[in-house]
1. Any idea how many residues of the stretch 1-47 are open to solvent by less than 30 Å² (accessible area, probe 1.4 Å) and in contact with a His (Cβ under 6 Å, 6 or more places away or on another chain)?
2. Run ALA72 past the list (1) in a strand (DSSP E or B); (2) open to solvent by 50 Å² or more (accessible area, probe 1.4 Å); (3) over 24 Å from GLU83 (Cβ atoms) and report the number of the one that doesn't hold.
3. How many residues are closer than 21 Å to LYS75 by Cβ, out of contact with any Cys (no Cβ under 9 Å at 6 or more places or on another chain) and among the hydroxyl-bearing types (Ser, Thr, Tyr) when one looks only at the stretch 4-62?
4. Quick one: is GLY14 touching a helix residue (DSSP H, G or I) at 6+ places or on another chain (Cβ under 8 Å) and modelled with pLDDT under 95?
5. From the list ASP24, ASP31, ASP45, ASP61, which one is among the charged types (D, E, K, R) and in contact (Cβ under 8 Å) with a residue 40 or more places away in the chain?
Amino acid sequence: MGKSIIYTHKGWFGLCPIYLAEIDSPAPYCDPRHWSLAWLMTVSDAIYGLCFWLCSCINPDYEPAWPLFVSAPLKTPIIRTRED
């Protein structure tokens with residue numbers, strides 16, 4: 001059975017427009033705004049992964065952090081179910 005997530009904000013993960021939940025937590029939930037945009041999340045993940053690897057090679061003390069841009073709260077929260 002899946003877990004219901006209440007998305008309260010919209011934003012961006014690299015090239016991918018996303019919905020965000022639990023934005024005050026250390027690991028907020030993020031989901032593409034539409035299923036057809038999931039590939040943009042994969043591309044953004046690969047780009048940031050490469051950047052993290054390069055920065056770690058240059059500076060061994062570098063600590064990567066996933067950049068999530070929160071653009072606005074949603075007027076009406078969106079509930080989606082995630083499979084565990």
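The values are calculated or read from the model by the stated rules, or taken from the named source; none is laboratory data. Since the model is a prediction, treat every value here as computed from it, not as a measurement. Note that each Cβ is placed from the backbone with ideal geometry, even for glycine, and that neighbours are counted across all protein chains shown. For the accessible areas, the whole protein counts, side chains as well, though only heavy atoms, and no ligand, DNA or RNA atoms are used. Shrake-Rupley method; radii C 1.70, N 1.55, O 1.52, S 1.80 Å.
1. 1
2. Just one mismatch for ALA72, condition (2).
3. Residues that pass the stated criteria total 3.
4. Working: touching a helix residue (DSSP H, G or I) at 6+ places or on another chain (Cβ under 8 Å): yes; modelled with pLDDT under 95: yes.
Judged against the criteria, GLY14 is a match.
5. Working: ASP24 fails: in contact (Cβ under 8 Å) with a residue 40 or more places away in the chain; ASP45 fails: in contact (Cβ under 8 Å) with a residue 40 or more places away in the chain; ASP61 fails: in contact (Cβ under 8 Å) with a residue 40 or more places away in the chain.
The unique qualifying residue is ASP31.
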